[in-house]
Amino acid sequence: MDFSKIDQLPIALQKVASCKNFSKGQILFQRNEPSQVIYAVKTGRIRLLNYTKSGQTISHYTIHAGELCAEIALFLDAYACSAIAEEPTQVLVFPKQIFLNALRQDPDFAMAFMTRLSYRIHKTKIMVELRSIRSAPERVLHYLWLNVPPEQNTVVLKQPLKNIAADLSISSEALSRALSQLQRKGAIAREKRRVILLESA
């Protein structure tokens, strides 16, 4: 289910949904703020993150169009992380309690929500796996193979490199060096935003 398509949602949510725009860099919510609403991304991208006491950014993952943002907040009194728009972003806003009621009352909607949540858990597991690889070139190569379409050998990098670097928990400079090393080794070829994988996974 595309949670940003208002006509695909239960009637109760269609009646209360509102639309809100965020500019690049604008904060949707911060960690420990009361979680009163849930967001679905219509256009743009949102990054979930936290900060250490020293101010270092800890990146979680990016929310894309059609996805819910920080759905775990449905079951918590406060947001567990912060959210920032990575580009001009438009979202649907739902009151938290009405969203919960819709899940209780509409089995098909609840199933779609659980499917999305299962996908999120799987994606998080993959990111943990990636970040456990010590070598930056190996981490990047594994990321590329995970994102290549079936029966193909080309990945189109749809996100800015700095966002991919954040997902991989490395610096933008380390990502650029890793891509250059992989290219010199003959593991990949690059054509602007396209990366061609030349080795078997």
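The values are calculated or read from the model by the stated rules, or taken from the named source; none is laboratory data. Here the structure is a predicted model, which means the values were calculated and not measured. Glycine also receives a Cβ, built like all others from the backbone with ideal geometry; neighbour counts cover every protein chain displayed.
Selection of region 3-32 for residues being hydroxyl-bearing (Ser, Thr, Tyr) and either surrounded by 13 or more Cβ atoms within 10 Å (Cβ to Cβ) or assigned to a loop (DSSP other than H, G, I, E, B) (or both) yields Ser4, Ser23. The numbered conditions (1) under 21 Å from Tyr51 (Cα atoms); (2) not in a helix (DSSP H, G or I) are all true for Lys162 except (2).
Exactly one residue out of Ser118, Ser135 is without any contact (Cβ under 8 Å) to a residue 24 or more places away in the chain, surrounded by fewer than 17 Cβ atoms within 10 Å (Cβ to Cβ) and under 18 Å from the mean Cα position of the chain (by Cα), and it is Ser118. Residues that are closer than 20 Å to Gln14 by Cα and more than 17 Å from the chain's Cα centre (by Cα) were ranked within region 36-72; the one that is surrounded by the most Cβ atoms within 10 Å (Cβ to Cβ) is Val37.
Condition check: among the acidic types (Asp, Glu) and more than 23 Å from Thr124 (Cβ to Cβ). Does Asp77 satisfy that? Considered against the rule, which asks whether it is among the acidic types (Asp, Glu) and more than 23 Å from Thr124 (Cβ to Cβ), Asp77 comes out as no. The number of residues in region 121-132 being free of Cβ contacts under 8 Å to residues at least 24 places away in the same chain and in a helix (DSSP H, G or I) comes to 6.
For region 154-189, filtered to residues that are at pLDDT below 90 and among the charged types (D, E, K, R), the residue that is nearest to Tyr61 (Cα to Cα) is Asp167. Restricting region 82-115 to residues that are β-branched (Val, Ile, Thr) and under 16 Å from the mean Cα position of the chain (by Cα) leaves a set whose member that is surrounded by the fewest Cβ atoms within 10 Å (Cβ to Cβ) is Thr115.
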